[in-house]
Amino acid sequence: MTAPQATLSPLLAIAQQTRAAALRLAVLTTEERNRAIDAIAQALESAQDNILRANIADCEAAVADGIAKPLYKRLQLDKHKLRDAINGVRDVGKLADVVGAVQIHREIDTGLILKRVTCPLGVLGVIFEARPEAAIQIASLAIKSGNGVILKCGKEAVGSCEAILQAIKEGLSGTAVNPDAVQLLTTREETLELLKLDKYVDLIIPRGSNSFVRFVQENTRIPVLGHADGVCHLYIDDAADINKAIRIAVDSKTQYPAACNAIETMLVHSEIAATFLPQIAEAFQTVNVELRGCDRTCEILPDIHKAVHTDWDTEYSDLILAVKIVDSLEDAITHINSHGSKHTDAIITENSEHATTFMSLVNAAGVYHNCSTRFADGFRYGFGAEVGISTQQMPPRGPVGLEGLVTYKYQVTGNGHIVADYTGAKAKSFTHRDLVIEGT
């Protein structure tokens, strides 16, 4: 008598479907994947009203639940943000294909040829919070790079993400890409189960707090691409152009304070503090930024709040900025490397040697000179979009676009070659001759 088959859990069935769809997606041509991306953009445009209505409902429910102000800003999806996200999909379609690129073409011996060729990772598991447009960016990057993707959104964005995924699947249904290549999860229980699916998921990308990223890392055997807090710094050097510094500081803090690349701490050299701080305080006051200063800063700006030790390690994601006076470039670098999250840090200076030292010694994925930290973004880097920003030491690091979503395999072709011929007293020698890579 045949034993009854065990019933698959819903998520396991989803993972198997995604894996099967990803295997077929990986061998599609560039043109087939690009047509699928264009179909996604068209479907999102057609579903714009449904998506925006769903987002309004999500926002109203979130307000009723007492959502934090920074999270609410990330949750909001107006027609402009949606338009930009759809434009980002089309930009991804225009990018060069990263799948099937030959990185090494080498003759090991006559008739024995080695190639190293890029290929998709397989299936991505991406866990994100409130930003519904992240689902659009991640799905388009996954399709372009030949990967399946299982998305897990935050509870506050479920309605928006369901409307987005419905449009994406409808768009894919008329293409060579199986809609099962893109899936959506909505519950915490599914997150915990997803972390156990190492047989079907090849990479987990958590987008959230430090504690959440650590939780994911400690509860899965799947490789994790960590995106921790964005405790970003702006250092105003003693050789800074004051007007330039004010303009950049205001943009870095206020252009979108809920973003992970907005500055949370500003360090000011003691030589210019008495001149610079009153001017920047006035500029920040006009845009409602609350300053929290060290003791020396409060002596110059007695009306601001006094900072406590936790302020130097806090990602406010709001119109709040910690300010500290330092006595040297070295002190600034030490503070950043002690309290930063390795995301993005910038120096404002007209001294090129100071800038070079800062950019060499600050340990962060992004180190900037005389420009806003808000440029730390896959779209602004020309990646089309990003699945997240990695603050880990190993690559990929910083905004992770297409190139961070492929790996490579070694392909060796011979004609009856065996290793025994290359060992012993009469061993043949390898030629190890690099061959021309087509297209270079």
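Some observations on this one:
- For region 332-440, chymotrypsin sites (Phe, Trp or Tyr not before Pro) meeting the loop criterion (DSSP other than H, G, I, E, B) and having at most 14 other Cβ atoms within 10 Å: Tyr381, Phe430.
- Helix 48-64 axis versus longest C-alpha principal axis of the chain: approximately 50°, rounded to the nearest ten.
- P(r) of region 91-169 over all Cα-Cα pairs, binned every 5 Å from zero, in whole percent: 3, 13, 19, 17, 13, 10, 7, 6, 4, 3, 2, 1, 0
- For region 59-166, the relative contact order is 27 percent, taking Cα pairs closer than 8 Å that sit 6 or more residues apart in sequence and dividing their mean separation by the residue count.
- Size of charge dipole - the chain - debye, nearest 20, with Cβ of Lys, Arg +1 and Asp, Glu -1, no other charges: 1640
- Helix 10-25 axis, angle to the chain major axis (alpha carbon atoms, nearest 10°): 70
- Positive-end residue, the chain charge dipole about Cα centroid, Cβ charges, pick of His105, Ala245, Asn210: His105
- Rounded to 10°, Cα long-axis angle of helix 158-172 versus longest principal axis of the chain: 40
- Each part reduced to its alpha carbon centroid, region 89-142 and region 268-296 end up 45 Å apart.
- Each of (1) 80, 63, 42; (2) 80, 53, 44; (3) 65, 51, 46 is a candidate for Cα extents along the principal axes in Å; the one calculated from this structure is (1).
- Residues Val412, Val89 arranged by fewest to most Cβ contacts within 10 Å: Val412, Val89
- For region 232-375, the Kirkwood hydrodynamic radius comes to 14.5 Å, computed from all pairs of different C-alpha atoms.
- Candidate cross-link partners of Lys144 among the lysines, defined by an alpha-carbon separation under 25 Å and a same-chain spacing of 8 or more, comprise Lys79, Lys81, Lys94, Lys115, Lys152, Lys169, Lys199, Lys409.
- Between Phe375 and Glu45, residue separation times 0.36 nm minus the direct Cα-Cα distance comes to 116.1 nm.
- Relative contact order of region 232-375, defined on C-alpha pairs under 8 angstrom at six or more residues apart (%): 34
- Within the chain, percent of DSSP bridges classed antiparallel, to nearest 5: 35
- Fewest-first sequence of His233, His309, His335 by Cβ atoms within 10 Å of each Cβ: His309, His335, His233
- Point-charge dipole on Cβ atoms (K/R +1, D/E -1) for region 232-375, about Cα centre, debye to 20: 380
- Sequence of Arg397, Arg33 once ranked by neighbouring C-beta atoms within 10 Å, starting from the fewest: Arg397, Arg33
- Inter-label distance for Leu435 and His80, nm, one decimal - labels placed 7 Å from Cα along Cα-to-Cβ: 5.4
- Distance between modelled label sites at Lys306 and Val27, nm, 7 Å Cα→Cβ extension: 7.0
- Relative contact order %, the chain, counting alpha carbon pairs below 8 Å whose residues are six or more apart: 19
- Partnerless Cys - the chain, beta-carbon criterion under 4.7 Å: Cys59, Cys119, Cys232, Cys260, Cys294, Cys298, Cys371
- Look at where the Cα atoms of region 48-81 and of region 145-190 average out, and the two centres are 18 Å apart.
- Model label sites at Asp241 and Lys69, defined 7 Å from Cα along the beta-carbon direction, differ in position by 3.3 nm.
Every number in this text was worked out from the coordinates using simple rules, so none of it is lab data. Because the structure is a prediction, the values reported are computed rather than measured. Don't worry about glycine lacking a Cβ; one is built from the backbone with ideal geometry, like all the others, and counts go over all protein chains shown.
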